[in-house]
Amino acid sequence: MNQITKINPTSMKQPTKAYSNGIFVPRDADLLFVTGQVSQDSEGQVVAPFDMEGQTRFIFGQIEKILDAAGMTFDDVVKATIFVVDMSKSSCISPIRDEFFKNSKPASSMVGVTGLVKPECVVEIEVVAAKR
């Protein structure tokens, strides 16, 4: 394999959303690791306190700026991890996530946590992008 490739063996359940079971990245790809982003503005104030949907949209907007600064887009994201403080409310995240990852379908995880950096923060998202 000489290109970034989605890995979805036919013997496994096929993804029904914007994700893949695995992503193969060849050795000569440029990698970008984006630290976990929470919904804070440039002054450190929480944007959309306690609002999972609002924070998710804001965070993806921040990640888009980081990707752009590296000459990448969401199409280059190969791994996404989303941390939420209340899994019972997490269903609002998938439609937003799918908007941003409609082409890349990265390997993905959603993890329930007991808290984030500030009590008003209810979502944190980190991604890895790769580009040849």
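Side notes on the structure shown:
- Residue check for residue 18: closer than 29 Å to residue 2 by Cβ and crowded, with 20+ Cβ neighbours inside 10 Å: yes
- Subset of segment 24-59 that is hydrophobic (A, V, I, L, M, F, W, C) and farther than 25 Å from residue 113 by Cα - its residue that is modelled with the highest pLDDT: 31
- Any hit, segment 22-38, residues being assigned to a loop (DSSP other than H, G, I, E, B), among the hydroxyl-bearing types (Ser, Thr, Tyr), farther than 19 Å from residue 86 by Cα and touching a residue at least 12 places away in the same chain (Cβ under 8 Å): no
- The set of residues in segment 76-99 that are exposed (fewer than 15 other Cβ atoms within 10 Å of the Cβ), of a type in the set (Asp, Glu) and either without any contact (Cβ under 8 Å) to a residue 24 or more places away in the chain or part of a helix (DSSP H, G or I) (or both) comprises 98, 99.
- Residues of segment 26-75 classified as among the hydroxyl-bearing types (Ser, Thr, Tyr) and surrounded by fewer than 15 Cβ atoms within 10 Å (Cβ to Cβ), total: 2
- Checked across segment 112-119, the condition of being farther than 30 Å from residue 2 by Cβ and surrounded by 18 or more Cβ atoms within 10 Å (Cβ to Cβ) holds for at least one residue.
- Subset tally (residues that are under 21 Å from residue 71 (Cβ atoms) and assigned to a loop (DSSP other than H, G, I, E, B)) for segment 106-130: 1
The values are calculated or read from the model by the stated rules, or taken from the named source; none is laboratory data. All values reported here derive from a predicted model rather than from experimental measurement. Here Cβ is always computed from backbone atoms with ideal geometry, including for glycine, and neighbour counts include all displayed protein chains.
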